[in-house]
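To start, the structure itself, in structure tokens.
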Amino acid sequence: MTDNMSPFSADADPILGEALRSALAPPFDAAFVGRVMARLAQRSSRSWDEELAQWFWRGLVAASVAVVLAGWGWTRVGASPDGNDASTTVASELLDGSLPVADIVIASMSPSTP
Amino acid sequence: MTVVDEDALAQRASRGEAEAYGILVERHAPMARRVAYAILEDREDADDAAQDGFLSAWQAIGRYDPRKAFRPWLMQIVVNAARDLRRRRRVRTADSLDRVSPASRDDPARVVGDLDLGERLRAALATLPERQRIAVVMFDAEGFSQAEIAGFLGIPEGTVKSDVFHGRRALRKVLESVKEEWDDR
């Protein structure tokens, strides 16, 4: 009880506590809860621009990786031992005719004869 | 609702069950709003802060340890949200405190003469320094321990003890003056 309690008491004062709770009691609890739940639902279902923003960043990362890989592949081809570029290398292999695949490619390219 | 129910709800919420979290929001909304009001002294600001607290708690629910009590965990987030909002709106808060004269801060009963008990207590709370206000509301009205309050506010437990003592003394004067008035009638 408030009358008998020392201000030093380590126990909560039930009378003061009850008076404070009712003095601070906020109105329209249900409306407040509804408002919070609506905001939570809003956050759970992302809007199209948030979705798009997420895909934008994923796309940007994927494109960067593709550019790096392409650059790496390009430098690998460019750095081939005989110094030729890719098209020259393929053409020379076809003309050489030593590889079995060259026969197939040349045969498939030749006009069909009856 | 029992404590066991609350633990089970908190556990379900920590696994991302929105329905369980909704029940916890419903259960703790009055407390969160009262504490936020004790910090901000404005109903709208208090509701904004309490809402921010609930939304932040839901975002951080994956970090909640279900072996620990949910209420203090939530309350820490609400207190942080309210204090953060108060920092952002410090000018408005300073205005409201300026309306209370220094003399009335020494004797809260002087400014609350013609009001009903609820209004008198709110007016008396407004005369208290912020830390005393929060400490006495969290201790006497919300039932948190002095150690928990010290953790929420980041101050030593002895300071909370002293704040509760001074806050109580001022508020009890108001209760006693109301009681005397009723006895005189």
Whole-Hz Karplus couplings 3J(HN,Hα) for region B:168-184, θ = phi - 60° and coefficients 6.51, -1.76, 1.60, Gly and Pro as x, run 4, 4, 5, 6, 5, 4, 5, 4, 5, 5, 5, 4, 4, 4, 5, 5, 6
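Please compute the length gained on full extension between A:Val68 and A:Ala38, using 0.36 nm multiplied by the number of residues separating them and subtracting their Cα-Cα distance.
Working: separation 30, 0.36 × 30 = 10.80 nm, distance 4.43 nm.
Difference between extended and current length: 6.4 nm.
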For region A:59-66, Karplus-derived ³J(HN,Hα) couplings (6.51, -1.76, 1.60; θ = phi - 60°; whole Hz; x for glycine and proline) come out as x, 4, 5, 4, 5, 4, 4, 4
Output ordering of B:13-26, B:31-44, A:60-73 (per-residue mean of other Cβ within 10 Å, highest first) is B:31-44, B:13-26, A:60-73
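Laboratory data are not the source of any read-out in this text; all were calculated from the coordinates shown. Because the structure is a prediction, the values reported are computed rather than measured. All Cβ positions, glycine included, derive from the backbone under ideal geometry; neighbour counts span all protein chains shown.
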